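Each reported figure results from applying straightforward, stated rules to the coordinates on display, with no laboratory input. Just so we're clear, the structure is a prediction, and the values are computed from it rather than from any experiment. Don't worry about glycine lacking a Cβ; one is built from the backbone with ideal geometry, like all the others, and counts go over all protein chains shown.
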Amino acid sequence: MNPAEIAETPAGSAVRTMVEARLEEARRSGEAPETVRVEWRGQPTNFKVITVPTEVLLYNPATHRIRAQRSHDPVFDARLAEDPWSEESQEYLHKLLRCKPDNPDATDPDFEKLRDDLEAYGQKDAGIITPSGILVNGNTRCAALRDLKERDFRAAVLPATATWADIAAVELELQLRKDRRRDYSYINRLIAVHEQTSAGRTPEELAKAFRTTPKAIKRDLWVYDFISDAIDRSRERLAGGDETSLRLMDFEGHQETLSELHRSYHQAADAGKAEALRENRLLAIVLGTAKTKVRYVGHDFHNSYLVPVLGEGFARPADPAEEPFSLPGLDLGDGLPLPADDPETLRARAFTDRVLQAKARQAAAPLLTAEESSEARTVLNQVKDAVEQGVQKAEWATLRAKRKTAAAKTLRDAAELIGESTQQASQARSQDLMEHQALDESLLELAAALKKLSRVASRGVDQPGPGLSWLQDAVADL
């Protein structure tokens, strides 16, 4: 949408005449008018509320509520972009406003709760519209009221000079208030953060607006870049001439996994391992690996678990670029420069690219030839099986490694506790508060525990180290 212009809607003139008449009627009534207070071009402003027929209102095609979900049906999305006010486009928006963010073919339970609340108690909070009837705030409420066959909708009216930029700012400001509104989905929130950054707002400014921290805003921008990069890499031309790619909404439901990836990526020992980790985790996420399992996918996952099953020939990397490239976060200065010919990264990236494109094909099933459909299905099944087996082995390896060091770690913790006990005993003695009998009983329990530890740790050890030798000598007379 052009940020400066709002194109005339089909019935815009008639709606505007009706809205102006009802505003004038409210002014002449002599009663204290109902108003909605919003931040308008930098100033808190009250706008009068009137009642308008739900049937004349138009859903906002640019609302962040369903921005990512618009791509669910590429055909309808294209028609929506061409003519957002047509009956067909408005019906598509109505469907998306009712749907689950990660599954637009199913009704969102939160929408059903909102509809039930409106049916039981009526519309408590007024929405906001433009003079021509475009919904700025209250799109979902309007959809619910239409489902309930309610004829009227209470709404405050913005000035006739409102632009698309004004509409976006008002919608965002109201959405971020702490009230009972249905929250933006995770991906739609990322889109809002990205758009506000593109408009020139700093992470510090956005942190205040979104009631979070600059660090969290930078993480959201990194994740948005990460997803956008995956979408770009999944894009390909099909045999029939159509283009397909993954969509932003395909990453709904992965908030925790993506946040953990951001943290692990920035904790990596070097840029090569960071990028290898990024590629392997992206592969697991796209294949729908459970979030509790994705954490076992490390930087060496490709070489250790995929290549032995699928072989090096599954996907070969393209010729490396001459120029080095950087990872997401360039705009914020936290991208990591990486040599373009890093072999581990290129191999992992080639594997991931093939899966991304197969996943994109799967989403465009009606447009595929039989051969394309078969190939995509084969690739996804092969890799999914390999990833599941790899994750299981990686989990076992992690648990085995933890078991190997668990006893030593617990003893280090015990040593720290004994150090604390020594300080406590010293303080008690200095104040003549020592309870000798209780201390003696605890020391006997410690002696019994050490004797048992010595017996277990000595099994099968022909040449004990200095630590175990000390322990064996210490408990010999107990």
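The table that follows gives values for the structure above.
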{"quantity": "Estimated 222 nm signal from helices in the chain, with DSSP H stretches of n ≥ 4 weighted -39500 (n - 2.57), rounded to 500", "calculated": "-18000 deg cm²/dmol"}
{"quantity": "Qualifying trypsin sites (Lys or Arg not before Pro) for segment 449-478 [loop in DSSP, other Cβ within 10 Å: at most 12]", "calculated": "Arg459"}
{"quantity": "Karplus 3J(HN,Hα) series, Hz, for segment 191-198 with 6.51 cos²θ - 1.76 cosθ + 1.60 (x for Gly, Pro)", "calculated": "4, 4, 4, 4, 5, 5, 5, 5"}
{"quantity": "Degrees between helix 255-267 axis and first principal axis of the chain (Cα, 0 to 90, nearest 10)", "calculated": "50 degrees"}
{"quantity": "Arg403-Arg263 FRET efficiency (beta carbon distance; Förster radius 25 Å; 0.05 resolution)", "calculated": "0.50"}
{"quantity": "Burial ranking of peptide ranges 357-365, 285-293, 207-215 (average Cβ count within 10 Å, highest at the top)", "calculated": "357-365, 285-293, 207-215"}
{"quantity": "Tilt relative to the chain, helix 370-430 - C-alpha long axis, 0 to 90 degrees, to 10", "calculated": "60 degrees"}
{"quantity": "Pairs of lysines in segment 223-402 (C-alpha under 22 Å apart; 8 or more residues apart or interchain)", "calculated": "15"}
{"quantity": "Unit charges on C-beta of K, R, D, E only; dipole of the chain, Debye", "calculated": "900 debye"}
{"quantity": "Antiparallel bridge percentage (DSSP; both residues within the chain; nearest 5)", "calculated": "85 percent"}
{"quantity": "3J(HN,Hα) from dihedral phi, segment 293-303, Karplus parametrisation 6.51/-1.76/1.60, rounded to Hz, x for glycine, proline", "calculated": "9, 4, 5, 7, 8, x, 5, 9, 4, 4, 5"}
{"quantity": "Mean separation of Cα contacts under 8 Å, 6 or more apart, over the residue count of the chain: relative contact order %", "calculated": "12 percent"}
{"quantity": "Helix 12-28 vs. the chain, principal-axis angle (Cα, 0 to 90°, nearest 10)", "calculated": "90 degrees"}
{"quantity": "Whole-number percent relative contact order across segment 12-182, with pairs defined as alpha carbons under 8 Å at least 6 apart", "calculated": "29 percent"}
{"quantity": "Unit Cα scatterers, Debye sum, segment 12-182: log10 I(q)/I(0) for q = 0.10, 0.15 Å⁻¹", "calculated": "-0.37, -0.86"}
{"quantity": "Globularity ratio of the chain, using Cα Rg and 2.2 N^0.38 Å", "calculated": "1.34"}
